[in-house]
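A quick write-up on the structure given underneath.
FYI, it's all coordinate maths here, none of it is from the lab. The structure presented is a predicted model; accordingly, all values stated were derived computationally and were not measured. Here Cβ is always computed from backbone atoms with ideal geometry, including for glycine, and neighbour counts include all displayed protein chains.
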Amino acid sequence: MVHPVSPDPARADSTPARTDSDPYDAVLLLSFGGPEKPEDVLPFLQNVTRGRGIPDERLKEVGEHYYGFGGKSPINDQNRALLAALRESFDEIGLGLPVYWGNRNWAPYLTDTLREMAADGIRRAVVIVTSAYPSYSGCRQYRENLADATAAVENAPVINKLRHYANHPGFVGSFVESTAAALSELPEGAAIAYVTHSIPTAMNATSGPDGDGYVGWHLDVAAEITAELERRTGVTRRTDLVYCSRSGPPQVPWLEPDVNDHLEELAAAGVPGVAVVPIGFVSDHMEVIYDLDTEAAATADKLGLPMARAATPGTDARFVTMLRDLVVERAEAERGEQPERPCVGKLGPGWDNCRPDCCPALRRPTTSTQTAVPTTAGPKDTA
Ligand SMILES: CC1=C(CCC(=O)O)c2cc3nc(cc4[nH]c(cc5[nH]c(cc1n2)c(C)c5CCC(=O)O)c(CCC(=O)O)c4C)C(CCC(=O)O)=C3C
Ligand SMILES: [Fe+2]
């Protein structure tokens, strides 16, 4: 006779109580990093642009943006504030996970953070990236950084990256509120200009599992914010998705129009004002305080076009709670449960794991001096 297998009580007692965060024992906040003082600016820019073919002219120009703000980017302080807010939010529901922080381009460097996590005995962590959309720069490059750092650190934790969250109601809801606040400062009939970081059109073409994921996700998020505001107020407005922070050589096509050209067009069209809504940024980065609050604001001023910039999520409660919910959601999924996956828009929730061919790196231009030279070639062709 076969006896049903009954649980061994002694064994059950020794099994640790399952918490909401199983199987994770830590959270890692992964970000871009930025300089903290003038001496940091050049080495930071060298870290960012190593092997990326950015013209020297552009680097000098971007360096000036940082020097104009005392050589300090707001991004690190924004991340410190987000860390504090996340810890507080975890505490509220008794989610006892330590929260670590590492960057791609500046201290605390990701590799050092992983080393610290390994030393603390962290075995498995979930990573929050401060980039909400699919693209090589905003997703795969961070996953490459994680792979490199994991390979460099002995006993590095296993790491899972959260799904893209731009179409989560917490992210969209935060921008709905900030856009409404910006519009309330403007004359009736003001337009909305949604702004994100420009990328090469070729990078957009390979973004996400089906391509065009970068622009596609931004358009979907913009449409949701617009629809919710319209639902609340009954007012229909002109809306556009435009871009800032183009870099790279001029012959390489990047996403357009630039926000400044767009403001010119709005003014020419007789639009009475514009809410500039930086949906591509989770907090106030240099792109926001320079490209929008300084440069675009000066353009609008010159045009006599009233402009109000909507706040980024930063430490907005909707955004912080969303990140906490996503950690819990991913833990549930990894335990084999079927979590709810809140999302708005037409595209459906982001995927937990990117396919191997998602957002491939672009082939970067090389010069002829980097190609192999046939050994039969003469020392110099003087013809
Ligand atoms: C999609 C995207 C995001 C959003 C996703 C994410 O958040 O990660 C983002 C964020 C950021 N980009 C930043 C800074 C820079 N980005 C650069 C260059 C580039 N960005 C690109 C794309 C993106 N960038 C691309 C395709 C390049 C060309 C070089 C290359 O192919 O890699 C350069 C070089 C100089 C220049 O050309 O501007 C700098 C200094 C900072 C820090 C700001 C601060 O200090 O507050 C942040 C958050
Ligand atoms: Fe960038």
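The figures follow:
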quantity	calculated
From phi via Karplus (6.51, -1.76, 1.60), per-residue ³J(HN,Hα) for the range 268-278 in Hz, x at Gly/Pro	4, 7, x, 5, x, x, 8, 8, 9, 10, x
Simple spin-label estimate for K302 and L42 in nanometres, 7 Å along Cα-Cβ	3.1 nm
Order by protection proxy (mean Cβ within 10 Å, highest first), peptides 111-122, 145-156	111-122, 145-156
G273 long-range amide H proximity, modeled H, under 5 Å	A191
Karplus (6.51, -1.76, 1.60) ³J(HN,Hα), θ = phi - 60°, over the range 215-231, in Hz, Gly and Pro reported as x	5, x, 5, 4, 5, 5, 5, 4, 4, 5, 5, 4, 5, 5, 5, 5, 4
Computed over the range 169-309, Kirkwood Rh from alpha-carbon pairs, angstrom	15.4 Å
Alpha-carbon centroids, the range 231-297 and the range 86-145: separation in whole Å	30 Å
Relative contact order of the chain, defined on C-alpha pairs under 8 angstrom at six or more residues apart (%)	22 percent
Positive-end residue, the range 11-123 charge dipole about Cα centroid, Cβ charges, pick of F32, V48, G96	V48
Compactness of the range 287-337 as Cα Rg over 2.2 N^0.38 Å, two decimals	1.91
Local electrostatic count at L82 - Lys and Arg +1, Asp and Glu -1, tallied over other residues with Cβ under 11 Å	-1
Given charges at beta-carbon only (K, R positive; D, E negative), |dipole| of the chain in Debye	780 debye
Zone residues, the range 152-176, relative to R123, backbone N less than 14 Å from point 7 Å out along Cα-to-Cβ	155-159
Low-density loop positions, GluC sites (Glu not before Pro), the range 181-233 - DSSP coil, at most 11 other Cβ in 10 Å	E188
Value of relative contact order over the range 169-309, rounded to a whole percent, pairs C-alpha under 8 Å and six or more apart	36 percent
For L28, residues with placed amide H under 5 Å, excluding near neighbours	Y100, V126, V127, I128
Shape of the chain, Cα gyration tensor, a/c cut at 1.5	oblate
Per-residue HN-Hα couplings for the range 113-129 [Karplus 6.51, -1.76, 1.60; θ = phi - 60°; Hz; x = Gly/Pro]	5, 4, 4, 5, 5, 4, 5, 7, x, 6, 9, 8, 10, 10, 10, 9, 9
Antiparallel DSSP beta bridges within the chain, as percent of all bridges there, nearest 5	5 percent
Cut-off under 5 Å, modelled amide H: who pairs with R238 long-range	I192
Partners for K72 among lysines (Cα-Cα distance below 18 Å; same-chain residues under 8 apart left out)	K37, K60
Cut-off 10 Å between beta-carbons: net charge of the residues surrounding G173, Lys and Arg +1, Asp and Glu -1	-3
